[in-house]
Amino acid sequence: MTTPTTGTTSPATRVPAGWVAVLTLANIATFVAFFGPLQVLLPLRAEELSPTGKEATLALVTGVGAAVSMVANPLFGALSDRTRSRFGRRVPWVAGGALGGAFGLTLLALVPGTAGLVLSWCVVQASVNAALAGIMAAIPDVVPVEQRAVVGGFVNLGQTLGVLIGVGLALAVGGIRGGFVACAVFLLIAVVPYLRNSRDTPYAVAPDWVGWARFLRGFWVSPRAHPDFALAWATKFLVHLGNAIVTLYLLYYLSDEVGLEDAESRLFVAIGLYSVIVAISAIVAGRWSDRVQRRRVFAVGAGFVIAAASLTLAAWPTWTGTLVAASLLGVGFGAFVAVDLAIVTEVLPDPDARGKDLGVVNIANALPQVLAPVIAAPLVTQAGYPTLYTVAAVIGLIGSTAVWRIRSVP
């Protein structure tokens, strides 16, 4: 067991491959809980409940859930910073979040009506974000700076493989409700190896409670005082907003725009191709970035490739075009997520509040899920998919180029 820490120390010892593996698996579990429902199960339930208004129903469910996520992740991250458990600071939140997430997924399989769907998805978002906050805070807690891009590449496979496994479970189990339960079971099983080998440590001297007013004020990170943190946040937000716009209606794009009768199974094929390429791109880009100690050039280049993927969907609405776009998106997004996490962990304002600050960063992941339906629903219904994906390309490209203004990261 490692020595208890004050939280201000910078990790110096490289982490072993086994620890990276269990952290990655835990992160995959959280994204299975998010994206199994998001990509297949919630769209199917929205269509089941409202066949003629499925876009609006899905936008309501995902938008409210993302708003909950936007609050939950920084809140639970901040609470984990100050947790005084003998098991460590992060582990109690990972364990509790997994249990709550599995409960919420089970509710999604059982509740009738749109209101029940919204409330159950909010339970999932709140709970799983508690687990995610603890998992992501482990990186700056444990991983040295010179290893963070490659670890970020592996850990961020959670989002990619979480989509693939979540969609695979949703399709393989049979039935919408069975898919929700399968995602819940996977979440519980997959976090166990990390809970047993977390390397999490309690504080030697935990911070004193500062009162609710000061605690809440701590969520504001001044862009003037910490401009590089603000720029890293903006970069992540815009790239993820573009990506959220692209993926929100992908199932409907394949069925309504491309005209595929077997859209669900074709979606799984496209996601599988994308996932394999993301895995390769993230690991290669992460290792390369760590070796040359350069971050920004990878993020900007990735943004151009992501934009090319969105424009391919806009201009080439065929199954072949979808596969080309999935490949480009895999190359670009894999490289981006690997170096983006390294950039973020290198500009955190306060080493005693890593969980809280990473939670603030996660708003840049969650807020796009709120805004994407607001932007995408009127665009797709009034202007069509080509306009939707062109707008997504422009937004993501603006975000990725903003990284050049970050001065403290090479």
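Each reported figure results from applying straightforward, stated rules to the coordinates on display, with no laboratory input. In this text, all values refer to a predicted model and were calculated from it rather than measured experimentally. In this analysis, Cβ positions are derived from the backbone assuming ideal geometry, glycine residues included, and neighbour counts consider all displayed protein chains.
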TODO: At 0.36 nm per residue, minus the direct Cα-Cα distance, what do GLU146 and ALA21 gain on full extension? Give it in nm, one decimal, please.
DONE: 43.2 nm
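Per the Kirkwood formula on distinct C-alpha pairs, the Rh of segment 88-176 is how many angstrom? Spell out each step's value before the answer.
Values: mean 1/r = 0.0678 Å⁻¹.
Value: 14.7 Å, from the Cα pair sum.
How high is the relative contact order of the chain, in percent, counting Cα pairs under 8 Å that sit 6 or more residues apart? Could the numbers behind the result be given before it?
Working: 798 pairs, mean separation 113.5, N = 410.
Over the chain, the number comes to 28 percent.
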Task: Computed Kirkwood radius, in angstrom, where 1/r is averaged over Cα pairs of segment 249-397 - done: 16.6
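Is the C-alpha gyration tensor of segment 1-124 telling us rounded, prolate or oblate? Criteria: a/c under 1.5 is rounded; beyond that, a/b larger than b/c is prolate, otherwise oblate.
Details: a/c = 2.89, a/b = 2.35, b/c = 1.23.
Because a/c hits 1.5 or more and a/b exceeds b/c, segment 1-124 counts as prolate.
Take each of the peptides 250-263, 225-238, average the number of other beta-carbon atoms within 10 Å over its residues, and list them starting from the highest. Spell out each step's value before the answer.
Values: 250-263: 17.2, 225-238: 20.6.
Most protected by this proxy first, the peptides run 225-238, 250-263.
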Task: Cα centroid separation - segment 123-173 against segment 348-407, whole Å - done: 18
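First check a/c for segment 57-102, with a ≥ b ≥ c the square roots of the eigenvalues of its C-alpha gyration tensor; if it is under 1.5, answer rounded, and if not, answer prolate when a/b is larger than b/c or oblate otherwise. Working shown, then result.
Working: a/c = 6.28, a/b = 2.18, b/c = 2.89.
Cα axes put segment 57-102 in the oblate bin.
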TODO: May I have the convex hull volume per residue, in Å³, for the Cα set of the chain?
DONE: 123
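Using DSSP H assignments, which helices in the chain have an axial alpha-carbon span of 20 Å or above and a mean Kyte-Doolittle hydropathy of -0.5 or higher? Please list the in-between numbers first.
Numbers: long enough: 17-36 (27 Å, 1.77); 54-81 (40 Å, 0.98); 91-110 (29 Å, 1.61); 113-142 (44 Å, 1.40); 157-173 (23 Å, 1.99); 176-196 (32 Å, 1.81); 227-248 (31 Å, 1.02); 263-292 (42 Å, 1.06); 296-315 (29 Å, 1.80); 319-346 (40 Å, 1.53); 354-382 (43 Å, 0.76); 385-401 (24 Å, 1.22).
For the chain, where a helix must reach 20 Å along its axis and average at least -0.5, the hits are 17-36, 54-81, 91-110, 113-142, 157-173, 176-196, 227-248, 263-292, 296-315, 319-346, 354-382, 385-401.
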Task: Farthest toward positive dipole pole in the chain [+1 Lys/Arg, -1 Asp/Glu at C-beta], among ALA314, GLY18, PHE304 - done: GLY18
TODO: Could you tell me which of rounded, prolate or oblate describes segment 366-410, using a ≥ b ≥ c as the square roots of the eigenvalues of the alpha-carbon gyration tensor, with rounded for a/c under 1.5 and, failing that, prolate when a/b is larger than b/c and oblate otherwise?
DONE: oblate
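If packing is taken as the mean number of other Cβ atoms within 10 Å per residue, what is the order of 102-112, 153-163, 179-189, highest first? Before the final figure, lay out each step's value.
On the way: 102-112: 19.1, 153-163: 25.3, 179-189: 22.5.
With the highest mean Cβ count within 10 Å placed first, the list reads 153-163, 179-189, 102-112.
Round to the nearest 0.05 the FRET efficiency obtained for ARG291 and ALA115 when R0 = 45 Å and r is the Cβ-Cβ distance. Present the calculation step by step, with values, prior to reporting the outcome.
Values: r = 52 Å, r/R0 = 1.16.
According to the calculation, E is roughly 0.30.
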